[in-house]
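The values are calculated or read from the model by the stated rules, or taken from the named source; none is laboratory data. As the structure is a prediction and not an experimental result, all values here were calculated from the model. Neighbour counts are summed over all protein chains in view; Cβ atoms, including those assigned to glycine, are modelled from backbone coordinates with ideal geometry.
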Amino acid sequence: MRHSPLSGMAIAVFLACSPAAGLAEDFGVLLSPADYDYLALQGVARDSVVLQKMSPKELSRLHKVINGARTDDNPQSKADAVRGVLAELEGNQRWENANPGRLWDQNKYPGLGKADR
């Protein structure tokens, strides 16, 4: 049975995108364009160091805070919540830079840092 080159390319693209799509659903890997627009209004550039160093889980958390229903009717509350999350995540990144090879949350999950005790 012979397949056209186009069907082969389609299968290759599907296989390459499948893992990324799974992560996107689980963690919201990428912030939406609207999220980046909102962050720009708050003075946080798309290419800021703090955003670039965030894990998928952290990006998902930030996305949820930006789009949370609790603060939709209160722009100041939303801005405060976003600034708080960004400050916390930036603090975690600073701690990890000061403690190479360790993650800021190792003490929260004792099984991860047995060598550090």
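Among the residues of region 38-74, those identified as within 22 Å of residue 96 (Cα to Cα) and hydroxyl-bearing (Ser, Thr, Tyr) are 48, 55, 60. Among the numbered conditions (1) surrounded by 13 or more Cβ atoms within 10 Å (Cβ to Cβ); (2) at pLDDT 95 or above; (3) not aromatic (Phe, Trp, Tyr), the only one that residue 46 does not meet is (2).
For residue 65, state whether it is β-branched (Val, Ile, Thr) and modelled with pLDDT of 90 or more. When the stated conditions are applied, residue 65 passes them.
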